[in-house]
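All remarks here apply to the structure that follows.
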Amino acid sequence: MNLLRVDRALQYQTACPKRFYYILINSFLCFLFLITLTGIHIPAAGAAEVKINCSVHAGSCTRKLEGLEITLDISPKPVTAMQDLAFKISLVGEGPDRAPYIDLGMPGMKMGPNRVILEKISRTDYVGKGVIVRCPSGRRTWQATVTVPGRGKVDFIFDVIY
């Protein structure tokens, strides 16, 4: 009788670590599946934090570029992805020969072209329409790069609502 109990105890001891590892591996796989399913974004190790320099929900934002002051405004507010948006650029200083334009993208991510063509409505103001798409990764930080031909570029970095 005692020998049978010892034998069963030894069998349980050797089987228990295997069960533990199976449970651990299955739990980890379920965790990865849930992360993928819910779209939670876990930044890569060493990923640089992007600094927001524009609060588009509160109002317009202004940046300087070689003696030129560029103000960006996006409406309607709050700025939401997947809807038609109106982009307005106001320039203070010597204006460009050609109309500026805006390239929309995400900081640190290579994306396809998403350009907002601007039309002149006054001596200093330009407007255009565009859409900020919803990123499958769940990231909400976007970048509007305003290019002023012959002068350079300036970045407006902001968060959108999904």
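Test of understanding: among 133, 127, 116, which residue is within 19 Å of residue 56 (Cα to Cα), hydrophobic (A, V, I, L, M, F, W, C) and assigned to a loop (DSSP other than H, G, I, E, B)? Outline the logic, then answer.
On the way: 127 fails: assigned to a loop (DSSP other than H, G, I, E, B); 116 fails: assigned to a loop (DSSP other than H, G, I, E, B).
So the residue among 133, 127, 116 that is within 19 Å of residue 56 (Cα to Cα), hydrophobic (A, V, I, L, M, F, W, C) and assigned to a loop (DSSP other than H, G, I, E, B) is 133.
May I ask you to verify whether residue 139 is assigned by TED's automatic domain parsing to the domain that holds residue 72, over 20 Å from residue 52 (Cα atoms) and charged (D, E, K, R)?
The answer is no for residue 139.
Collect the residues in the stretch 136-160 that are of a type outside the set (S, T, N, Q), surrounded by fewer than 18 Cβ atoms within 10 Å (Cβ to Cβ) and assigned to a loop (DSSP other than H, G, I, E, B), keeping them in residue-number order.
Selection gives 136, 138, 140, 149, 150.
State which residue is surrounded by the fewest Cβ atoms within 10 Å (Cβ to Cβ) when the search covers only the stretch 102-112 and only residues that are in contact with a Phe, Trp or Tyr (Cβ under 9 Å, 6 or more places away or on another chain) and of a type outside the set (Gly, Ala, Ser).
Taking the candidates together, the pick is 107.
Which condition breaks for residue 48 when tested against (1) in a loop (DSSP other than H, G, I, E, B); (2) at pLDDT 95 or above?
(2) is the only condition that residue 48 fails.
Identify the residue in the stretch 76-91 that is in a loop (DSSP other than H, G, I, E, B) and aliphatic (A, V, I, L, M) and, among all such residues, is surrounded by the most Cβ atoms within 10 Å (Cβ to Cβ).
Residues of the stretch 76-91 in a loop (DSSP other than H, G, I, E, B): 76-79, 81-83.
Keeping just the survivors that are aliphatic (A, V, I, L, M) gives 79, 81-82.
Details: 79: 17, 81: 15, 82: 11.
Restricting to residues being in a loop (DSSP other than H, G, I, E, B) and aliphatic (A, V, I, L, M), the top hit is 79.
In the stretch 92-107, what residues are assigned to a loop (DSSP other than H, G, I, E, B) and either within 19 Å of residue 56 (Cβ to Cβ) or without any contact (Cβ under 8 Å) to a residue 24 or more places away in the chain (or both)? Please lay out each step first, then the result.
Just the residues of the stretch 92-107 that are assigned to a loop (DSSP other than H, G, I, E, B), to begin with: 93-100, 107.
Passing the criteria: 100, 107.
Among the residues of the stretch 58-73, which ones are surrounded by 15 or more Cβ atoms within 10 Å (Cβ to Cβ) and touching a residue at least 60 places away in the same chain (Cβ under 8 Å)?
Result: 61, 63, 65, 68, 70, 72.
Take the residues of the stretch 90-104 that are modelled with pLDDT of 95 or more and not hydrophobic (A, V, I, L, M, F, W, C): which is farthest from residue 152 (Cα to Cα)?
90
Could you check the stretch 103-131 and list, in sequence order, the residues that are within 12 Å of residue 146 (Cβ to Cβ) and over 17 Å from the mean Cα position of the chain (by Cα)?
116, 118, 126, 128
The values are calculated or read from the model by the stated rules, or taken from the named source; none is laboratory data. The shown structure was predicted, so the numbers you read here are calculated from the model rather than taken from an experiment. Virtual Cβ from ideal backbone geometry, glycine too; neighbours counted across all protein chains shown.
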